[in-house]
Amino acid sequence: QVQLVESGGGLVQAGGSLRLSCAASGGTFYGYSMGWFRQGTEKEREFVAVISWGAGSTGYADSVKGRFTISRDNAKNTMYLQMNSLKPEDTAVYYCAATLRYMATKETSYNYWGQGTQVTVSS
């Protein structure tokens, strides 16, 4: 059974950094693009970043471009999200997800989801 497990969330002051990890297990993710989404309180889940299988392509939401960096290590079945210059509006539950649709940004395109990890940015 395919599983995605996020880790690395926590409480950080504005301007600080966090690194999220997403560990995949239970199956092969060959050919899968993987993405990060987030959902703030009383908000809809939104796209954050996506990376292709070979990590040759990445994409970002405008709100995080230049501050967040997505990466993956396929040998370790792990994806990362380095978050710098964090702002209070980045506060949300962050989810990782996997899809066979190349570089998808819509959550409905994703087949597998993690349980989420809370990121809280204080002002």
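Only one entry in Y112, Y95, Y80 is farther than 18 Å from R45 by Cβ, among the aromatic types (F, W, Y) and open to solvent by 20 Å² or more (accessible area, probe 1.4 Å), namely Y80.
Each residue in the stretch 33-47 was checked for being of a type in the set (K, R) and more than 14 Å from the chain's Cα centre (by Cα), and 1 pass. Of the residues making up the stretch 10-28, just one is touching a strand residue (DSSP E or B) at 6+ places or on another chain (Cβ under 6 Å), part of a loop (DSSP other than H, G, I, E, B) and either over 16 Å from V121 (Cβ atoms) or at pLDDT below 95 (or both), namely G26.
Candidates in the stretch 29-47 are the residues that are under 16 Å from Q3 (Cα atoms) and crowded, with 23+ Cβ neighbours inside 10 Å; of these, the one that is modelled with the lowest pLDDT is Y32.
The values are calculated or read from the model by the stated rules, or taken from the named source; none is laboratory data. Everything numeric in this text was worked out from a predicted model, so none of it was measured. Note that we place each Cβ from the backbone using ideal geometry, even for glycine, and neighbour counts take in every protein chain shown. Keep in mind that these areas ignore ligands, DNA and RNA; they rest on the heavy atoms of the full protein, side chains included. Shrake-Rupley method; radii C 1.70, N 1.55, O 1.52, S 1.80 Å.
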